[in-house]
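Here is the structure we will look at, set down as structure tokens.
The numbers here are math on the coordinates, done by the rules we state, and not lab data. Source: prediction; values computed, not measured. Glycine gets a Cβ as well: all are built from the backbone with ideal geometry, and neighbour counts include every protein chain shown.
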Amino acid sequence: MLEIENLSVEVDGRQLLHHVNMTINSGETHVLFGPNGSGKTSLLMAIMGFARYKVAQGHIAFKGQDITGLSLDERARLGIGISFQRPPVIRGVTMRQMVLSCLKGGVDKVQLEELAAKLNLGSLLDRDVNYGFSGGELKRSELLQLLVQSPELVLIDEPESGVDLVSIPLIGKVINELLQKERVRTRVNAGLIITHTGHILDYVHANKGYIMVDGTLICSGNPREILDEVRSNGYRGCIECRK
């Protein structure tokens with residue numbers, strides 16, 4: 001589904017990612033750990049194709065196609081979707097208008113109402129996008145847009161950030177739906193999730209985990225074991241282990 005080879009990325013002339021290699025197969029979910037400012041979000045932005053994130057070296061392939069030179073909208077049309085950690089407020093555009101513009105995969109207006117109700121967003125559909133939304137509402141707004149886009153590769157940036165503990169199970173349930181976790185034999189969709197606290201792993205099964213420090217992947221393995229190590233020794237312990 002996704003293959004990243006020797007990827008180095010610059011923003012405003014400063015290199016933020018260094019020789020990143022990653023492969024995510026169809027049906028797999030991978031998680032990315034790391035301290036603040038380590039380059040995790042930059043990796044998602046580079047995969048999605050945000051123009052500010054310049055590929056200085058390496059390649060990104062999606063379903064066997066080299067997408068390194070494609071624009072953000074071209075990648076979205078191919079089937080890549082992203083949920084932001086801090087999505088922007090869009091004044092003058094309602095949630096309903098935004099979501100209707102994203103409709104794909106046979107979702108109609110009636111189903112839209114049902115999806116919004118499932119995410120406890122029915123009362124927000126006629127408000128400006130993300131304007132005055134709480135942390136949990138922002139995350140659920142992002143997931144609603146992803147549900148109607150039906151991407152095959154889902155990039156999710158810290159789904160538990162700013163969310164109360166009561167709301168995390170609902171967010172986990174929707175992420176599982178996006179990733180087709182209810183399917184075993186026919187699962188296709190894949191995901192890359194950034195998590196700082198690891199709470200989302202209580203609700204979403206991941207196949208592989210990584211630790212990123214200073215724009216470099218320094219470790220990979222069982223995501224639960226990695227999380228336990230981080231909780232016990234912090235990221236400093238991971239850096240010392242690498243040495």
### Message
Looking at the chain as a GNM with Cα springs under 10 Å, which of G34, G58, G49 has the largest mean-square fluctuation?
### Response
G58
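Sorting K109, K139, K173 on the 10 Å Cβ count, fewest up front, what's the list?
Ordered from fewest to most neighbouring Cβ atoms within 10 Å, K109, K139, K173 come out as K109, K173, K139.
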### Query
Got a sec? How would T216, T23, T186 order by Cβ neighbour count within 10 Å, fewest to most?
T186, T23, T216
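Can you say what percent of the DSSP beta bridges in the stretch 154-243, counting only those with both residues inside, are antiparallel? Round to 5. Can you show the working numbers first?
Values: 5 of 9 bridges.
Antiparallel: roughly 55 percent of the beta bridges in the stretch 154-243.
What's the exposure ranking of R96, R14, R224, R183, going from fewest to most Cβ atoms within 10 Å? Could you put the intermediate results ahead of the total?
Values: R96 17, R14 7, R224 14, R183 11.
Taking fewest neighbouring Cβ atoms as first place, the list is R14, R183, R224, R96.
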### Summary
Amide H proximity to V213 below 5 Å, modelled H, separation 5+ or other chain, gives I218
### Query
Gaussian network model of the chain, Cα springs within a sub-10 Å range: biggest mean-square fluctuation belongs to which of G162, G27, G215?
G162
### Query
Among the DSSP beta bridges whose two residues both lie in the chain, what percent are antiparallel, rounded to the nearest 5?
60 percent
### Query
Taking H as built 1.01 Å from N, whose amide H comes closer than 5 Å to the amide H of E28, not counting residues under 5 places away?
G191
#### Entry: Lysine pair count for the chain [Cα-Cα under 23 Å; pairs on different chains or 8 or more apart]
25
### Task
Would you give the gap between the C-alpha center of the stretch 48-74 and the C-alpha center of the stretch 140-161, rounded to a whole Å?
19 Å
### Summary
Contact order relative to length for the chain, counting C-alpha pairs under 8 Å separated by 6 or more residues, stands in percent at 26 percent
### Message
Taking a virtual spin label 7 Å from the Cα of Q15 along the C-beta vector, which residues in the stretch 216-238 bring their backbone nitrogen under 15 Å of it?
### Response
216-217
### Task
Find the relative contact order for the stretch 204-243 and round it to a whole percent, using C-alpha pairs within less than 8 Å whose residues are 6+ positions apart.
31 percent
